[in-house]
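Each value in this text was obtained by applying a stated rule to the coordinates, not by laboratory testing. Since the structure is predicted, the reported quantities are computational estimates derived from the model, not experimental observations. Every residue, glycine among them, receives a Cβ derived from its backbone with ideal geometry; neighbour counts consider all protein chains shown.
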Amino acid sequence: MTECTQHELRFRGPGRREVVARFDGGDITTDAGVMLLSEVERRTRILQRFAECFRDHRLPERIEHSVGDLVSQRVLGLCLGYEDLNDHDELRLDPLLAAVIGKRDPKGVRRRERDQGAGLAGSRTLNRLELGTPDGAGSDRYKRISLDTELVDELLVDFFVASYDVPPEEVVLDLDATDDPLHGTQEGRFFHGYYDCYCYLPLYVFCGGHLLCARLRRSNIDAAAGSREELQRIVSRIRQAWPQTRILIRGDSGFCRDELMSWCEQEGLDYVFGVARNARLEEQLAPFLGHAADFYRITGEKATLFTSFDWSTRETWSRTRCVIGKAEWTRGGGNPRFIVTTLRCRSAQDAKRIYREVYCARGDMENRIKEQQLDLFADRTSTHTIRANQLRLYMSSIAYVLMHALRRLGLQGTEMAQAQCGTIRLRLLKIGARVRVTARKIWVHMAEACPWAAIFLAAWRRLCVT
């Protein structure tokens with residue numbers, strides 16, 4: 001039988017021992033690993049630069065939390081797993097988070113009576129980041145913070161360029177669109193037949209692990225809509241910084257559009273796009289598919305052959321292009337696949353290499369999108385306006401950039417060098433600790449039994465010592 005008093009909670013323990021629990025541990029945090037993110041911010045200044053993209057029309061003498069504080073609190077909250085604004089009504093009591101953001105009074109001792117004990121902003125204050133508009137922020141009484149989206153777009157690309165010490169020989173820009181399901185009456189929602197739900201259709205551009213673009217779009221458009229304009233902006237900045245670097249554009253069949261391919265050809269960009277199968281393409285590949293089927297019937301093993309040929313659609317393409325076909329036969333039957341490319345393809349070996357080593361590598365981008373949507377809540381677009389939901393997508397994007405910087409700068413050479421954001425959070429950020437605030441120091445007593453202490457120490461050395 002469990003017995004409780006006002007101050008003690010008693011439980012059965014091993015043998016004759018009794019387990020006694022009390023709510024008297026002092027200031028406890030579950031997010032001691034946020035100190036690593038603060039060191040990443042010290043090295044990169046990504047949160048500071050993101051905050052500079054906002055315009056604050058509030059009276060300086062009447063504000064308690066700067067835009068930089070609000071932005072840092074929101075983005076770090078996403079990194080730590082707190083997706084909703086409401087979460088910050090409790091998170092604002094965490095003195096360690098307040099300390100890493102830069103609050104001189106992390107426990108809120110000197111704040112007004114109703115905010116005593118809370119060093120950070122609550123949900124209502126943070127919500128003002130989402131409400132202001134560029135046109136109305138200067139005159140509105142409450143919604144006096146607005147975001148310059150063009151500056152955020154430039155920041156993502158500039159941060160990618162700055163991450164290289166020397167210009168790379170080649171960069172590969174991956175395009176992809178995905179669904180962002182909606183469960184309310186958000187502005188711009190439409191029913192998408194392929195995804196079978198009401199959703200947005202955001203466009204992402206990645207280069208390896210670097211996020212270069214996250215654009216929220218309505219779903220009643222073609223998957224490739226707006227991709228050329230986004231690429232124009234990104235390619236222009238890359239060429240400005242690295243004029244000799246080769247650029248390859250890669251995407252699935254949703255981006256195999258004559259407008260985009262013609263633009264790449266005019267700009268001297270290589271590309272590899274998937275091509276949707278059709279009767280004419282399958283007829284072109286039929287002899288190879290027949291050979292693959294014969295091999296499978298004889299050996300019982302999967303057979304795959306590659307070939308390339310010049311081909312064009314009857315109406316939609318403006319010119320003939322090089323198409324690579326994969327003739328594959330498995331237990332489930334024929335599996336023909338096609339891609340179109342500007343890369344040199346003179347033999348079946350070239351076709352095989354381009355398909356498997358170049359085109360198929362785009363699958364890693366889908367893992368990056370999953371990280372942002374599942375681990376960093378890019379799909380938390382539940383506010384009403386599409387503008388405010390785009391801001392939430394930017395918040396998630398900056399959280400991803402910060403986590404990737406931790407992975408790139410702090411975890412290289414460790415077993416977590418390729419870990420996904422959710423794994424990094426679980427193992428390195430979600431560490432229990434007792435926090436003591438004194439006049440000169442903030443002490444963080446982390447659990448001695450932390451199983452990932454060695455990797456935490458290695459990351460600290462890379463971020464703080466080197």
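When the P(r) is computed for the range 279-362, the part past 20 Å accounts for 36% of the Cα-Cα pairs.
As an exercise, find the ratio Rg/Rh for the range 193-294 from alpha-carbon atoms, using the Kirkwood inverse-distance average for Rh. All intermediate terms of the calculation are to be shown ahead of the outcome.
On the way: Rg = 17.0 Å, Rh = 16.0 Å.
Over the Cα atoms of the range 193-294, Rg/Rh equals 1.06.
Here Lys430 is the anchor, and the lysines within straight C-alpha reach of less than 30 Å, apart from those fewer than 8 places off in the same chain, are Lys103, Lys107, Lys370, Lys441. Every Cα-Cα pair in the chain was counted, and those over 45 Å apart are 24% of them. Given R₀ = 41 Å, FRET efficiency for Asp115-Ser262 by Cβ-Cβ distance, to 0.05? My answer for the efficiency is 0.10. Annotation: amide H of Asp252 within the under-5 Å range of Gly274, sequence separation 5 or more or interchain, hydrogens built in the peptide plane. Once the chain from Gln240 to Glu52 is taken as fully extended at 0.36 nm per residue, the excess over their C-alpha distance is 65.4 nm.
Shown in residue order for the range 410-423 are the 3J(HN,Hα) couplings computed by the Karplus curve 6.51 cos²θ - 1.76 cosθ + 1.60 at θ = phi - 60°: x, 10, 4, x, 10, 5, 9, 4, 10, 5, 7, 4, x, 5 Hz (x for Gly and Pro). Label sites at Asp196 and Ile221, each approximated as a point 7 angstrom past Cα along Cα to Cβ, lie 2.6 nm apart. Taken about its Cα centre, the chain carries a charge dipole of roughly 1120 debye when the Cβ of each Lys and Arg holds +1 and the Cβ of each Asp and Glu holds -1. For Lys326, the lysines whose Cα falls under 23 Å of its own Cα, not counting residues fewer than eight places away in the same chain, are Lys302, Lys352. Taking amide hydrogens as placed 1.01 Å from N in the peptide plane, the amide H of Cys199 sits under 5 Å from those of Leu182, Phe190, His192, each at least 5 positions away in sequence or on another chain.
Highest mean packing first, where packing is the average number of other Cβ atoms within 10 Å per residue, the peptides 23-33, 381-391 line up as 381-391, 23-33.
Within the shell of other residues whose beta carbon sits under 10 angstrom from the beta carbon of Phe377, the net charge comes to -2, with Lys and Arg scored +1 and Asp and Glu -1.
Peptide packing: for 179-188, 38-47, the average count of neighbouring Cβ atoms within 10 Å per residue gives the ranking 38-47, 179-188, highest mean first. Name all residues of the range 121-149 having a backbone nitrogen under 14 Å from the label point set 7 Å from the Cα of Glu187 along its Cα→Cβ direction, giving them as ranges. Once the point is set 7 Å along Cα→Cβ of Glu187, 130-137, 147 turn out to lie under 14 Å by backbone N, inside the range 121-149.
Separation of the range 92-141 and the range 401-466, taken as the distance between their Cα centroids, equals 25 angstrom.
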